[in-house]
Amino acid sequence: MNNIFLHDALIYLAAAVVFVPIAKKLGMGSVLGYLLGGIIIGPFFLGFIGQEGKDIMHFAEFGVVMMLFLIGLELEPSNFWRMRNLVLGTGSVQFCTTTILIFAVFLFIGFSWQAALACGLALAMSSTAIVMQTLREKGLTKTESGKSSFAVLLFQDIAVIPILALLPLLAISAVHAPATGNITFLSGQPGWAQTLTVLGAVGLVILSGRLVMVPFLRFIARIHLRELFTAAALLIVIGTASIMMLVGLSPALGTFLAGVVLANSEFRHELESDIEPFKGILLGLFFISVGASINFSLIFSNPLMIAALVCGIVVIKAGVLFITGKLSRLSFDQNILFTLGLAQVGEFAFVLFAFISQLNILSARWTDMMMGVTAISMTLTPLLLLANERFIDPRCGTKDKKEKEADDIDVYNPVIIAGFGHFGSTLGRFLRANGISATILDNDSDRVELLRKMGFKVFYGDATRIDILKSAGADEAKVLIAAIDSPETNYDLVEKTKKLFPHLTVMVRAKSRLDAYELIDMGVKDIYRESLDTSVRLGIDVLTKLGVRKYAATRAGQNFIKYDEAAMPQLARHRHDQDTYIFNTREQIQLQEQLLTNDREVNPTLNDHAWDSDLVGNKFADDGSEH
Amino acid sequence: MNKILILFAHPRFEKSKTNRALLQNIGERQGVTLNDLYEQYPDFNIDIDREKELLMAHQVIIWQHPLYMYSAPALLKQWIDLVLEYGWAHGQDGNFLKNKIIFNTITTGGTREVYTPGGYNRFTIREFLVPFEQTAALCKMIYLPPFAVQGTHLLTGETLQHHVALYSALLDRLVTGDFNIKEMNKIEFINDWLLPETGLTKP
């Protein structure tokens, strides 16, 4: 590992750790923190990182790549189908109108029509990274504006595919002069061939997703090694990105497609939670490098020009967004949020401008300028939202606090069952027979596959991971059943649930009595020892086979269970009195001894005098009266 | 101040209209304890000690139930068989319930008229309730006439509200001790005793 790498890592991580908390404390959100951190460590201020900012940007774009993979993963076809009107309607109105307006303005300034169109397409993009991050931080993803924002961003992300395919056609005059030294398969091809290549690559990703990735993940999952699965997930993302780069296409695009393809597989949630941390940190890095790459010397040499461009573009975008919001009947304050949130130029513009300059559609100077405009507009977004939060919303907003019912983008079940082995499956069947649908979490991919075939709503993944619980709807559910085979995993799950989802009623399967004691210590009220009822039921049948009447035997069984469960909390406490350390098996024997002694003292069935007329009979006999 | 214990037995409470109305807001009422037997003992395994403690803590006991096949639902019979033990509730030393007040609150599908010697059911409500009356006597308790909401199938909202108001008035009077046992025992249904007393009239 070389020194430069460590040095850079040190600076970037320190910038994040220093500036993000400051920004959060000031109520500005993490995105602005990263951007400010980037500006300050960048060449213009402290100069900790110099011109390599651009190279870092390439690396950091990987955060965007992973984010798009995750967005793709969320695009389960059925979800997308439900959102189709919003995505196609709102999305296309925003995108087409913005493109046409910007195209007209640039044409008016004196650009060639090709350059104006290319700029229009690139500048119409908004920043998925900034908007989604901000929405999530503010908890706005479920609001109307959140949903509309997501729809618009989704449309744009999808639109990148045909745009990348179309751009080469705009560059007819410039085909013979590849601009950068970056030699890829694409450069040097005629326009039509490039278009075909793009379409071919897209098809390849979709096919390989179905035929290669899913079977590959199944194979990996069967090995039951968590880190191997993470490695496989990363391999898919990086592999797809590399292939796309080799062809000369946007890696973000490729992984987005891979995500969409995998969204319908049983690995959706596991992949999501595996990639999430990488995405977070790389996206932070991306924001820092956006901040660092702002070319302040260019800005200060044409301050008016840049300011005019930024303002003009943001105003055009905001205007179009506001009208779009009105058309999709957003309330005023939701619309303002939607308008200001999406008014920036997005990270895809970097990708598109790089491609545009590579195709020689736009001069290098203008490309640099546009990149600067993009970065500045991104920096402006958190500030605009902040201004909205502080000044516009409190005054103009028609703040209606009424919670709108979340659309059925994902239907949440009232019950979550973690672990669908022999215990959980019986339970799940019983609930289903009574018309209660449960969301099931299980980490055995073979079983998950089978259950999905049988029409259960099953998530593949480790139930103790908070993000998976969240995706399974732990925020909305009422009851969480911890039915996992391993007691330790159950404890872990119980602890996390109690801390993070205190509204959930937690009902826990206990393997043994000792296991139940642990759970009592943890404060769990609903504990179910898996061996108790079955062994008592067997005991009842033994009594019956020996000639005891069935009802008497059943009552004896009922009383025994009641007595045994009532004694649990006390015995659990008593357990801690023993000051010597005992091995587990020793402990078991001691426990048995204690129980047997207790039983002798208070026989749970000895005092059952129900329907016992002997006493009455004796009394009447004593009286000498007839009976 | 009397404390009232309602021993409620209804295996299909979720479908009940009349009993639900009678028990509306019962939890907020001072001095009244609702013991929902089918909710408490779904396995019919009655906790006798708990029930005895409850009985000791109250002065007025109500068996509230729909009349099924001219008697109480099975769990209430189970309760009577198990809880009212010899030597505790009855017998020579069984004096723990002595002088407590007890009566039935019942709901029937048939009207008052079909429960007459010439009617469809041939016997009166009081005749069908004889086992309860004698059980109370055996336990040295004071048995009052039943509170009965009848013809529940034909009950309109307004009539039902009339019964709810009557029952509520009854519980109030029992809690405050504002009643005369002799007067009450002169009539067939406790409803009729309340009518002139409370100023409520039949709609």
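All of A:Met67, A:Met125 fail the test of being touching a Lys or Arg at 6+ places or on another chain (Cβ under 9 Å) and either more than 15 Å from A:Met370 (Cβ to Cβ) or part of a loop (DSSP other than H, G, I, E, B) (or both), apart from A:Met67. Could you tell me whether region B:37-48 includes any residue that is hydroxyl-bearing (Ser, Thr, Tyr), more than 14 Å from every other protein chain (Cβ to nearest Cβ) and under 22 Å from B:Asn191 (Cα atoms)? No, because not a single residue in region B:37-48 is hydroxyl-bearing (Ser, Thr, Tyr), more than 14 Å from every other protein chain (Cβ to nearest Cβ) and under 22 Å from B:Asn191 (Cα atoms). Just one residue in the set A:Gly523, A:Gly547, A:Gly455 is on the phi > 0 side of the Ramachandran plot and not assigned by TED's automatic domain parsing to the domain that holds A:Gly419; that residue is A:Gly547.
Being polar (S, T, N, Q) and not in a helix (DSSP H, G or I) is the filter; apply it to region A:144-183 and report the residue that is modelled with the highest pLDDT. Here the residue is A:Asn182. Do the conditions hold for B:Gly110, that is, is it touching a strand residue (DSSP E or B) at 6+ places or on another chain (Cβ under 9 Å) and farther than 29 Å from B:Thr176 by Cα? Answer is yes for this residue. Residue count for region B:125-156 under the criterion of being of a type in the set (S, T, N, Q), surrounded by 15 or more Cβ atoms within 10 Å (Cβ to Cβ) and not in a strand (DSSP E or B): the result is 2.
Does A:Val494 meet the test of being assigned to a strand (DSSP E or B) and touching a residue at least 24 places away in the same chain (Cβ under 8 Å)?
Judged against the criteria, A:Val494 is not a match.
Could you please find all residues in region A:248-275 being of a type in the set (Val, Ile, Thr) and more than 15 Å from A:Gly209 (Cα to Cα)? Answer for region A:248-275, where residues must be of a type in the set (Val, Ile, Thr) and more than 15 Å from A:Gly209 (Cα to Cα): just A:Ile275. Among the numbered conditions (1) at pLDDT 85 or above; (2) within 14 Å of chain B (Cβ to nearest Cβ), the only one that A:Val616 does not meet is (1). Considering only residues in region A:472-487 that are touching a residue at least 24 places away in the same chain (Cβ under 8 Å) and surrounded by fewer than 20 Cβ atoms within 10 Å (Cβ to Cβ), the one that is nearest to A:Ala510 (Cα to Cα) turns out to be A:Pro487. Once region B:135-170 is narrowed to residues that are in contact with a strand residue (DSSP E or B) (Cβ under 7 Å, 6 or more places away or on another chain) and of a type in the set (S, T, N, Q), the residue that is nearest to B:Met184 (Cα to Cα) is B:Gln150. Once region B:90-107 is narrowed to residues that are at pLDDT 95 or above and in contact with a Ser or Thr (Cβ under 9 Å, 6 or more places away or on another chain), the residue that is farthest from the other protein chains (Cβ to nearest Cβ) is B:Thr107. Within region A:296-317, not a single residue is buried (at least 22 other Cβ atoms within 10 Å of the Cβ), over 28 Å from A:Pro168 (Cα atoms) and either of a type in the set (A, V, I, L, M) or assigned by TED's automatic domain parsing to the domain that holds A:Gly72 (or both).
Note on region A:548-571: residues that are away from chain B (no Cβ under 14 Å), at pLDDT 80 or above and under 18 Å from A:Ala516 (Cβ atoms) total 3.
Only one of the listed residues (B:Gln24, B:Gln78, B:Gln64) is touching a residue at least 12 places away in the same chain (Cβ under 8 Å), polar (S, T, N, Q) and within 14 Å of another protein chain (Cβ to nearest Cβ). That residue is B:Gln78.
Residue-wise test of (1) among the aliphatic types (A, V, I, L, M); (2) in contact with a Phe, Trp or Tyr (Cβ under 7 Å, 6 or more places away or on another chain).
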| residue | (1), (2) |
| --- | --- |
| B:Val114 | yes, yes |
| B:Phe128 | no, yes |
| B:Phe132 | no, yes |
| B:Lys140 | no, no |
| B:Gln150 | no, no |
| B:Glu158 | no, no |
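Cβ-Cβ contacts under 6 Å between residues 6 or more apart (or on different chains), taken from a first residue in region A:553-567 that is touching a residue at least 40 places away in the same chain (Cβ under 8 Å) to a second residue that is part of a helix (DSSP H, G or I), are listed as A:Phe560/A:Val536. For region A:138-158, residues that are under 22 Å from A:Gly259 (Cβ atoms) and of a type in the set (Asp, Glu) total 1. Please verify whether A:Gly461 is modelled with pLDDT under 75, under 26 Å from A:Lys496 (Cα atoms) and crowded, with 22+ Cβ neighbours inside 10 Å, treating the condition exactly as stated. Answer is yes for this residue. Just one residue in the set A:Phe348, A:Phe353, A:Phe278, A:Phe287 is within 29 Å of A:Phe391 (Cα to Cα) and part of a helix (DSSP H, G or I); that residue is A:Phe287.
The values are calculated or read from the model by the stated rules, or taken from the named source; none is laboratory data. Everything numeric here is computed off the predicted structure, so don't read it as measured data. Note: ideal-geometry Cβ built from the backbone for every residue, glycine included; neighbour counts use all protein chains shown.
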